[in-house]
Amino acid sequence: MIFESISSGGCRSYLVGCEEACAAALIDPELSQIDRYNALAARHGLRFRYLIDTHTHADHFSATRQLANQLDAPVVMHRASPAPFVDLRLEGGDLLVVGRLRLQSLYTPGHTNDSMCLHVEDRVFTGDTLLIGATGRTDLPSGDAGALHESLFQGVLKLDPALKIFPAHEYKGRSHSTIAQELADNPRLQKRERGAFIDMMQSLNLTMPTHVTEALRTNMSGGKTVAQMLSDAAASVPFMSMAQLKANIECRRDDMIVLDVRERDAYESGHVPGAFHLPRGQLELRVNEELKDPTRRILVCCEFGRVSTLATATLRTMGFSGAVALDGGIKAWREAGYPLTVGKEP
């Protein structure tokens, strides 16, 4: 068996492959690591047969759908997953065939209603059901402490004690544990009586994950993250440096429109000299009235450089092929000591 563990902060994803069949499964892939997964598969001469999420993640962005579009491989989750883009939905006990390998699913609700673990040979990929020295939390949408108790004590923990466990998260640099070691040392597993376990889980008082709303939205729907939208927009537009814009202003070039897409109070507090004001929220509605010549050079700017990138991509989609975005924002322009005009007039 070919095996790779990939870390991204505290998130863990796993490549499991069969050398003879040149096939692999990718478990819990994270969006920022797509190039790394593809590089690992290429290095081992493997093709991804399955792209698997052990559950709906609330703390990071899954890469399964984007990889599925790239690789024409199915997205695999448990049948209870709410995601509409899942291609293959498993029941507990179902097998995935990867060459000579057999990955067997084990339905383990509790952290989420769609949580599952995967057993292959001498190891179990436990997702967020069982962590090293902990368990998955149960206070997020569809979490259920009673169900987690059942999944652990009547499911995962009844497997061979020698099996290695590889969780979806590990924050202390440990590569893996075993079921026996967790039964002996994991403090949450010492509360073996159902009521005591539920009381413990309900009193953990954990902080919410960063980007929890966005992660759940994108992982459940297949929609794009804000970072993806910005990346897509940045790949489709050219940029102008602040130094070049400053030089154009000093030369009094009048062949370019500088378009400030911030809100009015931000614009009036200080803008690039000569900049015309058109808020991003009104761009599509007023573009035909305010920008009559689609051949003009248009330099778009905002406070931090993100909204202007999206606005520039919109303009180019609408036919303004000369639209470019300022590399940076008015904040950086201000901090560089470049000139600003205060007030309503350009």
- Query: In nm, to one decimal, how far is the Ala162 label point from the Glu91 one, both placed 7 Å along Cα→Cβ?
  - Reply: 3.2
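Carbon and sulfur: what percent of segment 239-346's accessible surface (1.4 Å probe)? The partial results should precede the final answer.
On the way: 2840 of 5610 Å².
Looking at segment 239-346 in its full context, I get 51 percent from C and S.
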- Residue span Phe153 to Glu284: 0.36 nm per residue of separation minus Cα-Cα distance leaves a gain in nm of 41.5 nm
- Rule-of-thumb Rg ratio for segment 205-306 [Cα; 2.2 N^0.38 Å; N residues]: 1.39
- Of all the accessible heavy-atom surface of segment 28-157, with the other protein chains kept in place and a 1.4 Å probe, what percent is carbon and sulfur? 46
- Query: For the charge dipole of the chain, defined by +1 on Lys and Arg C-beta atoms and -1 on Asp and Glu C-beta atoms about the Cα centroid, which residue among Met116, Gly143, Val287 has the Cα displaced farthest towards the positive pole?
  - Reply: Val287
- Message: Just to be sure I understand: with springs between alpha-carbon atoms less than 10 Å apart, which residue in Ser81, Ser62, Ser241 has the highest mean-square fluctuation in the Gaussian network model of the chain?
- Response: Ser241
- Kindly state, as a whole number, the per residue volume in cubic angstrom of the convex hull around the alpha carbon atoms of segment 1-106. 93
- Query: Which percentage, to the nearest 5, of the DSSP beta bridges contained in the chain is antiparallel?
  - Reply: 55
- Cα centroid of segment 291-330 to Cα centroid of segment 133-194, whole Å: 51
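Could you report segment 9-114's accessible area per residue, 1.4 Å probe, as an integer in Å²?
About 40 Å² of surface per residue is accessible.
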- Could you check which residue among Arg47, Arg253, Arg192 shows the biggest mean-square fluctuation in a GNM of the chain with a 10 Å Cα cutoff? Arg253
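Mind checking the per residue accessible area of segment 120-185 for me, 1.4 Å probe, whole number of Å²? Show your work: numbers first, answer last.
Values: 2610 Å² over 66 residues.
Here the residues of segment 120-185 average 40 Å² of exposed surface.
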- Message: Can you tell me which of Thr225, Thr138, Thr312 moves the most in a GNM of the chain? Springs connect C-alpha atoms under 10 Å apart.
- Response: Thr312
- The ³J(HN,Hα) series, computed from each phi in segment 128-141 with the Karplus coefficients 6.51, -1.76 and 1.60 at θ = phi - 60°, rounded to the nearest Hz and given as x for glycine or proline, is 9, 6, 10, 9, 6, x, 7, 9, x, 6, 10, 9, 9, x
- Query: Cα-based Rg of the chain per 2.2 N^0.38 Å, rounded to two decimals?
  - Reply: 1.27
- Which residues in segment 318-346 have a backbone N closer than 18 Å to a point placed 7 Å from the Cα of Ser236 along the Cα-to-Cβ line? 318-326
- Query: Which one of Gln181, Gly305, Leu230 is farthest out on the positive end of the charge dipole of the chain, using unit charges on Cβ (Lys, Arg +1; Asp, Glu -1) and the Cα centre as origin?
  - Reply: Gly305
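A 26 angstrom limit on the alpha carbon distance is what I want to check against. Which of Lys246/Lys344; Lys164/Lys191; Lys172/Lys331; Lys164/Lys224; Lys292/Lys331 exceed it?
Over 26 Å apart, Cα to Cα: Lys172/Lys331; Lys164/Lys224; Lys292/Lys331.
The values are calculated or read from the model by the stated rules, or taken from the named source; none is laboratory data. Please read all numbers here as calculations on a predicted model, not as lab measurements. Methodologically, a virtual Cβ is constructed for each residue, glycine included, from the backbone with ideal geometry; neighbour enumeration extends over all protein chains shown. In case anyone asks, the SASA skips ligands and DNA or RNA and just uses the protein heavy atoms, side chains included. Shrake-Rupley method; radii C 1.70, N 1.55, O 1.52, S 1.80 Å.
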